[in-house]
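Only one structure is covered here, and it is reproduced in the block below.
A short reminder: the numbers here are calculations on the coordinates, not readings from a lab. Here the structure is a predicted model, which means the values were calculated and not measured. Glycine also receives a Cβ, built like all others from the backbone with ideal geometry; neighbour counts cover every protein chain displayed.
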Amino acid sequence: MLVLSKTARIFSKPRKREVRGFLRSINFRPGTLFLHKLVLGIETSCDDTAAAVVDDTGNVLGEAIHSQTEVHLKAGGIIPPVAQQLHKENIQRIVEDALSASRISPSELSAVATTIKPGLALSLGVGLSFSLQLVNQLKKPFIPIHHMEAHALTIRLTHKVEFPFIVLLISGGHCLLALVQGVSDFLLLGKSLDIAPGDMLDKVARRLSLIKHPECSTMSGGRAIEHLAKQGNRWLFDINPPMQNAKNCDFSFTGLQHITDKIIMQKEREEGVEKGQILSSAADIAAAVQHITACHLAKRTHRAILFCKQKNLLSQTNAVLVVSGGVASNLYIRRALEIVANATQCTLLCPPPRLCTDNGIMIAWNGIERLRAGLGILHDVEGIRYEPKNLSK
Ligand code: KG4
Ligand code: ZN
C-alpha cells in the first residue's frame, strides 16, 4: 500500500528550488516570454518501473528506471504478483529520482501522464493508484496513456516526423502495424494473431537455457538471441517464414516457436545433451530464429507500405516507416526493415535503443503530445480505471 503522507513529504520541495526551476522553465527569446509545459510520465505496465520529466520542446529534464528483468529471468518468466510487489517497492523512489534529476518542483508540472493500458493488471494498478494520489495531492491534470500510442509517438521526440507515418511496434507483449494519422488517430493494418515476437524470442531463449550461457546470463531473451546469433550460421536449419500465403498484414509467431522447439529436441538427442543444458548448436539455432523473425516482419511490413501507398494514405516518395518496441533494438531486424524501406522509397526511423524499450520518457512525451493537441486531459479522475487488455494490443 502506498503511503500518502510519505508521498506528501517527498513532493514538498524547498522554495529556492521552485524559483530556480521556474526560471529554467522560461525561455527568453527576443520579444517573447515562453513558458514551457512540463509533464511527469509514469510507466508500470509490465516489468519496468519508470518515470521521467519532459518539456514541450522534447527536452528530457530527468528520468529514472528500475528494471525487473533479472528477477523475472531467474524465475523463467514474469510472475504478475512479483512484478506488482517490485513496482510497489520502487515507484516512490523512481518518481522522486526522476523529479530530483529534473531539478523542478512538482508544483511546476503541467500534468502527470501514466500508462493505463494495455499491460499486466497488477502492474498497471500500481502506477495508476500512485499517480491518482499524486494528482489529487498536487491538484494537477491527469493524462491516461495507451502504452502503444506512447511507443509509436516516441519518434516525434527524437526526429522531426509529421503525420501520417507507418509504425511497426514489436515488443514482448505487442506486435502491430499501424498508420499513425494523428496523436490518437491510428489505422490498424495488422497485428499478431498469437504471441508477440519478443515473447517468442524469450521462450526460445528460455528453452535454450541461455540464462546459463556465460555471455548472456543477464540479457533479456531477445538480446541473448541477437548476441548469440552473431556467432551462428542461420542456414543450417530449413524453416519456412510463417503465413507466406496470407493476403493481409497480420503476424504469427507460435508456429516458429514450435518448430524451434522441435529442432532443439532433435539437437539435444543428436548431441546427447539433457534439456536445460547449453547445446553446441545454440548459436546456429538463435541465428536461424532471428533470421526467420526478421523475414516475417519485413514481408508483412512491405505489404502494409504497398497497401497504404496504393490507397494514397502515404506519400509515394517521402513516406516514413517507424520501428519501435523492445525488439526494434535488434540490429539484424532493423537491417531487414531497412531493405524494405529502401525498396519502397521510405525512410526508416527508429528511436535510440534505450527509447525502444519501456521507459518513462515516452509516457511523458505522449503527455506533451496530448497536451499540445488538447486530447484526453482529465481534471477529474473520478472513475478512471486501468484496462489490461485492449483490441489494438
Ligand atoms: O518494449 P519492451 O521493453 O517491453 C514490452 O514488451 O512492452 O520489450 C521487451 C521485449 C522482450 O521480449 C525482449 O526479449 C525484447 O523486447 N528485446 C529484444 C532485444 N532487446 C529486447 N528482442 C530482440 N533483440 C533485442 N536486441
Ligand atoms: Zn512496451
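Computed values, structure above
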item: Helix-only [θ]222 nm of the chain, DSSP H runs n ≥ 4, -39500 (n - 2.57) each, per residue, nearest 500; result: -14000 deg cm²/dmol
item: Label-reachable residues, the range 132-160, where backbone N falls under 18 Å from a point 7 Å from Glu96's Cα toward its Cβ; result: 132-135, 137-138
item: GNM flexibility winner over the chain from Ile78, Ile305, Ile116 (Cα, springs under 10 Å); result: Ile78
item: Computed E for Val82/His227 - FRET, C-beta separation, R0 25 angstrom, nearest 0.05; result: 0.45
item: The range 255-309: trypsin sites (Lys or Arg not before Pro) falling in loop per DSSP and having at most 12 other Cβ within 10 Å; result: Lys275
item: Full-stretch length increase - Thr254, Lys74 - with 0.36 nm per residue and alpha-carbon distance subtracted; result: 62.5 nm
item: R0 of 35 Å, Cβ-Cβ distance Leu187-Ala343: FRET efficiency to nearest 0.05; result: 0.95
item: Estimated distance in nm for a label pair at Leu132 and Glu268, the labels positioned 7 Å out from Cα along Cα-to-Cβ; result: 4.6
item: For Phe142, Phe251, Phe307, Phe163, order by how many other beta-carbon atoms lie within 10 Å, fewest first; result: Phe163, Phe307, Phe142, Phe251
item: Segment Leu375-Arg206, length gained on full extension (0.36 nm per residue, minus Cα span); result: 56.7 nm
item: Label point 7 Å beyond Cα of Glu162 along Cβ direction - residues of the range 317-355 with amide nitrogen under 14 Å; result: 317-320
item: Ascending count of other beta-carbon atoms within 10 Å, so fewest first, for Cys175, Cys295, Cys249; result: Cys295, Cys249, Cys175
item: Where labels lie 7 Å past Cα in the beta-carbon direction, separation of Gln316 and Ser217 in nm; result: 5.8
item: Length gained when the stretch Gln244-Ile384 is fully extended (0.36 nm per residue, less Cα-Cα span); result: 46.2 nm
